[in-house]
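Novice: Attaching a single structure in structure tokens format; questions to follow.
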Amino acid sequence: MTTIHLILHAHIDPIWLWPWTSGLDMVLGTWRTPCDLLDRHPDLVYPGDGGWAYESVERADPGLFHRIRRHVESGRWELIGGWWVQPDCNLPLGDSFRKQIEIGRQYFMSRFGRFPTLAFNPDSFGHSAALPAILREFG
């Protein structure tokens, strides 16, 4: 028998050339789907990233945020990334990365009591040479 692993992911770039309200609509619509899937299929796990997205869901749809928190607590919704938003990783200075991580860490710790340990940035167009040391610095 062959085992196949599928990794669920939705790349949401909520502030790139969109009004923020369109980004919010995309996050809400997209994150309802994995919540529904996780509710129906106990063997699935979903990775979600971006502090801005979580805070936006928390404000706009507290019921959806509650569902996400339940899945996080059960270990079925994985907090990944830790950035406030997925930053451009080519040009910013180290201090810009640190600020993204600091803001993200503050939010994740206050809402979930933990900070993501999996670095994640799928749409980076390259990475700064300083990034590995900065990510190690933040765990």
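The values are calculated or read from the model by the stated rules, or taken from the named source; none is laboratory data. Small disclaimer: the values here were computed from a predicted structure and weren't measured. Here the Cβ positions follow ideal geometry from the backbone for every residue, glycine too, while neighbour counts run over all protein chains shown.
Novice: How many residues are out of contact with any Lys or Arg (no Cβ under 7 Å at 6 or more places or on another chain) and surrounded by 16 or more Cβ atoms within 10 Å (Cβ to Cβ) when one looks only at segment 59-68? Talk me through it step by step, then tell me what you get.
Specialist: Of segment 59-68, the ones out of contact with any Lys or Arg (no Cβ under 7 Å at 6 or more places or on another chain) are 59-63, 65-68.
Now drop any that are not surrounded by 16 or more Cβ atoms within 10 Å (Cβ to Cβ), which leaves 61, 65, 67-68.
So the answer is 4.
Novice: Based on what the data block shows, is D43 of a type in the set (D, E) and more than 23 Å from I15 (Cα to Cα)? Step through it out loud before you land on a result.
Specialist: Details: of a type in the set (D, E): yes; more than 23 Å from I15 (Cα to Cα): yes.
Here the answer is yes, as D43 does meet what is asked.
Novice: Follow-up. Hey, can you tell me all the residues within segment 1-44 that are under 14 Å from I68 (Cβ atoms), loosely packed, with under 15 Cβ neighbours inside 10 Å and of a type in the set (S, T, Y)?
Specialist: T33
Novice: Considering only residues of segment 83-139 that are of a type in the set (V, I, T) and touching an Asp or Glu at 6+ places or on another chain (Cβ under 9 Å), which is surrounded by the fewest Cβ atoms within 10 Å (Cβ to Cβ)? Write out each step before concluding.
Specialist: The initial filter retains those residues of segment 83-139 that are of a type in the set (V, I, T), namely 85, 101, 103, 117, 134.
Of the ones still in play, those that are also touching an Asp or Glu at 6+ places or on another chain (Cβ under 9 Å) are 85, 101.
Numbers: V85: 18, I101: 24.
This residue is V85.
Novice: If you go through segment 48-66 one residue at a time, how many are in contact with a strand residue (DSSP E or B) (Cβ under 9 Å, 6 or more places away or on another chain) and at pLDDT 95 or above?
Specialist: Within segment 48-66, residues that are in contact with a strand residue (DSSP E or B) (Cβ under 9 Å, 6 or more places away or on another chain) and at pLDDT 95 or above number 1.
Novice: Taking only segment 100-123 into account, find how many residues are more than 12 Å from Q86 (Cα to Cα) and either in contact with a helix residue (DSSP H, G or I) (Cβ under 6 Å, 6 or more places away or on another chain) or of a type in the set (F, W, Y) (or both).
Specialist: So the answer is 4.
Novice: Among I15, I7, I68, which is the only one that is assigned to a helix (DSSP H, G or I) and in contact (Cβ under 8 Å) with a residue 24 or more places away in the chain?
Specialist: Details: I15 fails: assigned to a helix (DSSP H, G or I); I7 fails: assigned to a helix (DSSP H, G or I).
I68 is the lone residue from the list that is assigned to a helix (DSSP H, G or I) and in contact (Cβ under 8 Å) with a residue 24 or more places away in the chain.
Novice: In segment 71-96, what residues are assigned to a helix (DSSP H, G or I) and more than 17 Å from the chain's Cα centre (by Cα)? Outline the logic, then answer.
Specialist: Within segment 71-96, the first condition is being assigned to a helix (DSSP H, G or I), and the residues that meet it are 71-73, 94-96.
Scanning segment 71-96 gives G94, D95, S96.
Novice: For L135, which of the numbered conditions (1) at pLDDT 90 or above; (2) of a type outside the set (K, R); (3) in a helix (DSSP H, G or I) fails to hold?
Specialist: (1)
Novice: Hey, any hits in segment 34-51 for a residue that's outside any loop (DSSP other than H, G, I, E, B), acidic (D, E), farther than 22 Å from I7 by Cβ and free of Cβ contacts under 8 Å to residues at least 60 places away in the same chain? Even if it seems obvious, please write down each step before you answer.
Specialist: Pass one, segment 34-51, residues outside any loop (DSSP other than H, G, I, E, B): 34-40, 46-49, 51.
The next check asks that each one be acidic (D, E); those that pass are 36, 39, 49.
Add one more test, that the residue is farther than 22 Å from I7 by Cβ, and what stays is none.
Looking for residues that are outside any loop (DSSP other than H, G, I, E, B), acidic (D, E), farther than 22 Å from I7 by Cβ and free of Cβ contacts under 8 Å to residues at least 60 places away in the same chain, one finds none in segment 34-51, hence no.
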